[in-house]
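For reference, the structure is listed below as C-alpha cells.
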Amino acid sequence: MHPAEHRGLRELYVMARQLRDHWRALAGRLQAAAPEQAALLHEGSQAARALIGELADVTAARGLHGRPAAQGFGARLASIHTVLLDTPLEVNQALRFAVLDVVHVGVLLEYLAALARTDGDGELEAFLASWAPRMRAHEEALRTAAVALGDAPDAAVGAAAPGLAGRIAHGAATAAGTLGEWVDGRAAR
C-alpha cells in the first residue's frame, strides 16, 4: 500500500467519525427548531457509522486499523466543533458548516478510490467508489435543506444550540456582528 493511500485511509477514519459524531450532536440540538433538517443529519450520521463499520473490515484485511487513535481524534474534532463552533451559530450557519463535513468525506472517498486504482487494488477501489455516491446523496440532501431555509428567514436565524448556553453564545455572536458592522461603516466614511 502506498503511503498516500495509508494516510488517506486513516484520514477517512478520522473524518467519518467526525461526521458521525458532529451530525449526531447537531441533529439533537436542532430537533426542536428544525426537525426536518435534524432528521437529515441523523440519517447522515448513521451512514457515516455504517461506513466506519465496513471500512474496519476492509482495512483490517490490509493490516490497517482505525481504532483507537484515528477514530478517537475524529471524536475529539466533533466535540470541539460542536461546543466551540456550533453553539454561537444560527441554524442556517450550522447546517452550511455541516455540509462541509460530508463534502470532505465524499472527496476523500473519490481520492482514495483513485489511489486504490493506481495501486491495483480493485477490491478497495470498488468499496470506496461505492461509498462516494452514497455520501454525496447526504451532501445534496443537507445542502438543499440549508438553502431552503432562505424561504424561512425567521427559522434560519434562530440559535442552533438550545438552552441558556445557546442563547448566550448566539447573542454574543450577534453583538459581535453588530459591532463589526459599526466598525466597517465607520471605516468606510
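The values are calculated or read from the model by the stated rules, or taken from the named source; none is laboratory data. Here the structure is a predicted model, which means the values were calculated and not measured. Virtual Cβ from ideal backbone geometry, glycine too; neighbours counted across all protein chains shown. Areas reflect the complete protein model, heavy atoms only, side chains present, ligands, DNA and RNA absent. Shrake-Rupley method; radii C 1.70, N 1.55, O 1.52, S 1.80 Å.
A few remarks follow.
- Pairing residues of the stretch 96-120 that are closer than 14 Å to LEU51 by Cβ with residues that are of a type in the set (Lys, Arg), at Cβ distances under 6 Å and at least 6 apart in sequence or on separate chains, gives GLY106/ARG136.
- All of GLU43, GLU54, GLU36 fail the test of being farther than 25 Å from ALA159 by Cα and open to solvent by 40 Å² or more (accessible area, probe 1.4 Å), apart from GLU54.
- From the list ARG62, ARG49, ARG7, ARG24, the lone residue that is open to solvent by 40 Å² or more (accessible area, probe 1.4 Å), in a helix (DSSP H, G or I), of a type in the set (Lys, Arg) and within 16 Å of LEU112 (Cβ to Cβ) is ARG7.
- Whenever a residue of the stretch 129-149 is under 13 Å from ALA98 (Cα atoms), its partners that are open to solvent by 10 Å² or more (accessible area, probe 1.4 Å) and of a type in the set (S, T, N, Q), lying with C-beta atoms within less than 8 angstrom and at least six residues away or across chains, give the pairs LEU142/GLN37; ALA145/GLN37; ALA146/GLN37; ALA146/ASN92.
- Look at (1) open to solvent by 40 Å² or more (accessible area, probe 1.4 Å); (2) closer than 20 Å to ARG24 by Cβ and you find that THR144 fails only one, number (2).
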